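The values are calculated or read from the model by the stated rules, or taken from the named source; none is laboratory data. This structure is a prediction, so every number in the text was calculated from the model and none was measured. Here Cβ is always computed from backbone atoms with ideal geometry, including for glycine, and neighbour counts include all displayed protein chains.
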Amino acid sequence: MALLRRVDSPVNTQWAENNGRPTRFFYQLILDLWRRTPEQHEVTADHTVTGEFNHEIVVCTNTVDITVTMPGLTEGLQVTVIRAGTGGVTVDGDGTNIIGAATQILGAQYDAPHMIGSSSEWLLT
């Protein structure tokens, strides 16, 4: 028995292309939306940003100096590092420059650079 489906919208067209398996389309849609949601990490020790999300926020609540290492450069990837604690924070580009330098030091508490990956380096916005 064949199921009749309307195929006049992009969603319904996608469902039809999945041969009547809307669950796979639904799960992919949820996964894509989840990746677009900013992921927030609170850290007190050295941390490496995963790069699994479109925007990652790293809140550093450390009392001693730590290093936050950026992921491999991906164009459009966004990372925000917030120095919320009293310890120093160094952001390491891990082989990629951050506005022309290998590292950036967050000199004052509550410094919060927002970085976006370009085709050649991390840019500050």
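I need a count of the residues in segment 90-125 that are under 10 Å from residue 73 (Cα atoms) and not aliphatic (A, V, I, L, M).
The number of residues fulfilling the criteria is 11.
May I ask you to list pairs of residues, at least six apart or on different chains, whose Cβ atoms are under 9 Å apart, with the first in segment 81-92 being within 13 Å of residue 103 (Cα to Cα) and the second being of a type in the set (Lys, Arg) and surrounded by fewer than 19 Cβ atoms within 10 Å (Cβ to Cβ)?
The qualifying pairs do not exist here.
Would you mind stating whether residue 81 is closer than 16 Å to residue 42 by Cβ, in a strand (DSSP E or B) and touching a Cys at 6+ places or on another chain (Cβ under 8 Å)?
Values: closer than 16 Å to residue 42 by Cβ: yes; in a strand (DSSP E or B): yes; touching a Cys at 6+ places or on another chain (Cβ under 8 Å): yes.
Criteria met by residue 81.
Would you be able to tell me the number of residues in segment 93-111 that are surrounded by 12 or more Cβ atoms within 10 Å (Cβ to Cβ) and under 17 Å from residue 59 (Cα atoms)?
Residues in segment 93-111 being surrounded by 12 or more Cβ atoms within 10 Å (Cβ to Cβ) and under 17 Å from residue 59 (Cα atoms): 5 in total.
Of all residues in segment 51-65, how many are surrounded by fewer than 20 Cβ atoms within 10 Å (Cβ to Cβ), hydrophobic (A, V, I, L, M, F, W, C) and over 8 Å from the mean Cα position of the chain (by Cα)?
Residues flagged as surrounded by fewer than 20 Cβ atoms within 10 Å (Cβ to Cβ), hydrophobic (A, V, I, L, M, F, W, C) and over 8 Å from the mean Cα position of the chain (by Cα) within segment 51-65 amount to 2.
Looking at the structure I just gave you, is residue 75 modelled with pLDDT under 95 and part of a strand (DSSP E or B)?
Numbers: modelled with pLDDT under 95: yes; part of a strand (DSSP E or B): no.
Here the answer is no, as residue 75 does not meet what is asked.
Which of the residues spanning segment 74-88 are in contact with a Phe, Trp or Tyr (Cβ under 9 Å, 6 or more places away or on another chain) and more than 13 Å from residue 125 (Cβ to Cβ)?
82, 83, 84
Determine the pairs where a residue that is under 21 Å from residue 38 (Cα atoms), located within segment 59-72, has a partner that is aromatic (Phe, Trp, Tyr) with Cβ atoms under 7 Å apart, the partner being 6 or more residues away or on another chain.
70/122
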